[in-house]
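The values are calculated or read from the model by the stated rules, or taken from the named source; none is laboratory data. What you see is a predicted model; the values in this text were computed from it and never measured. Here Cβ is always computed from backbone atoms with ideal geometry, including for glycine, and neighbour counts include all displayed protein chains.
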């Protein structure tokens, strides 16, 4: 699967769908399944049930996807969290941040010169993750929560108050965005603050109106706030694109995971209690997902997909394959033809 994506990148199949000339990769973790007993030493352990403190064992996976500018999301890489070296009370369990560093090492090895931009949620707003992205020369937009890097948040909001010129108001569809930002904030971390990163913070206040025509018959104003850490300095020229085309595209990996869990890919099914076999089934599912996305968004099939919908098209394809007699000459002709996969211009 990785070799296929590398080949598509090498042949510049995605060059018209890059975001700020970068390949946008979203990374997030999710639970695969859990049991009330330990079937393998690699599974993670937690306690549930409040005071009952009941042990529970589960499999957790760090996922990454490649997001194109037209919204297409392609599965990229999975890293399983493993506890084979865990000793309770002595060592720490494997975690998403450690898995992120393992994934980053693999991505850098596979795509050493590819311009990559990473988008992740607030769990990764910490010094080691930021340093990993900087060391790899990756662009990034990381969700920033108010209670995460408190010193950075307080300094950013303070700078925004004394420098109101660093702001921009944008009307996006039926919503109003007010962006405010602060650049070049020093963030010290590690023992005695021996490590330092320079951070840029952007905050977006979004406002919209909801019409409750079926219930209260009123129009209600709604608002929410987003904030990110940016690897690049924020200005009026890049703030909208970085927030909407990078920061907010992170939700596409969540949609991809939900599709794999609830729309036929059986993401949460175990298939085997042998760990290697379980991983193998997982990777086969990912390959199937990648091929489906590529086929459904190809120039050759897109009109039929629009006509029947995704599930309708798959049912139609199954019906055609079941009901069509095999013609050896036609199959040979198709195999010998030099077909080129072309991405549909509009997702």
| Going by the conditions given, is residue 194 without any contact (Cβ under 8 Å) to a residue 40 or more places away in the chain, within 28 Å of the chain's Cα centre (by Cα) and closer than 19 Å to residue 125 by Cα? | no
| said: Being at pLDDT below 95, surrounded by fewer than 16 Cβ atoms within 10 Å (Cβ to Cβ) and touching a helix residue (DSSP H, G or I) at 6+ places or on another chain (Cβ under 9 Å) is true for just one of 173, 190. Which residue is that? | reply: 190
| said: Exactly one condition in (1) within 30 Å of residue 38 (Cβ to Cβ); (2) surrounded by fewer than 21 Cβ atoms within 10 Å (Cβ to Cβ); (3) touching a residue at least 12 places away in the same chain (Cβ under 8 Å) is false for residue 91; which is it? | reply: (3)
| query | Among the residues of segment 299-308, is any over 16 Å from residue 265 (Cβ atoms), touching a strand residue (DSSP E or B) at 6+ places or on another chain (Cβ under 9 Å) and loosely packed, with under 15 Cβ neighbours inside 10 Å? | reply | yes
| field | Flag for residue 97 being surrounded by fewer than 20 Cβ atoms within 10 Å (Cβ to Cβ), in contact with a strand residue (DSSP E or B) (Cβ under 6 Å, 6 or more places away or on another chain) and in the same structural domain as residue 270 (by TED's automatic domain parsing) | value | no
| task | Could you check residue 165 against (1) modelled with pLDDT under 95; (2) under 28 Å from residue 43 (Cα atoms) and say which number it fails? | result | (2)
| task | Could you give me the residue pairs with C-beta distances under 8 Å whose first residue belongs to segment 232-247 and is at pLDDT 95 or above, whose second residue is part of a helix (DSSP H, G or I) wherever it lies, and which are 6+ apart or on separate chains? | result | 232/242; 234/242
| query | Is it true that residue 221 is in a strand (DSSP E or B), touching a strand residue (DSSP E or B) at 6+ places or on another chain (Cβ under 6 Å) and under 28 Å from residue 152 (Cβ atoms)? | reply | no
| field | Single condition residue 113 does not satisfy, out of (1) at pLDDT 95 or above; (2) over 13 Å from residue 25 (Cβ atoms); (3) not in a strand (DSSP E or B) | value | (1)
| Filter segment 301-344 for residues that are within 23 Å of residue 2 (Cα to Cα) and part of a loop (DSSP other than H, G, I, E, B); which is farthest from the chain's Cα centre (by Cα)? | 338
| Filter pass, residue 187 being closer than 25 Å to residue 70 by Cα and outside the structural domain of residue 312 (by TED's automatic domain parsing) | no
| Subset of segment 112-123 [crowded, with 17+ Cβ neighbours inside 10 Å and in contact with a strand residue (DSSP E or B) (Cβ under 6 Å, 6 or more places away or on another chain)] | 116, 117, 118, 119, 120, 121, 122
| field | Those residues of segment 128-138 which are crowded, with 17+ Cβ neighbours inside 10 Å and under 15 Å from residue 188 (Cβ atoms), in sequence order | value | 130
| field | Qualifying position, being over 15 Å from residue 232 (Cα atoms), within 21 Å of the chain's Cα centre (by Cα) and modelled with pLDDT of 95 or more, among 120, 143, 178 | value | 120
| Residue match in segment 89-96 (condition: within 15 Å of the chain's Cα centre (by Cα) and either closer than 21 Å to residue 276 by Cα or not in a strand (DSSP E or B) (or both)) | yes
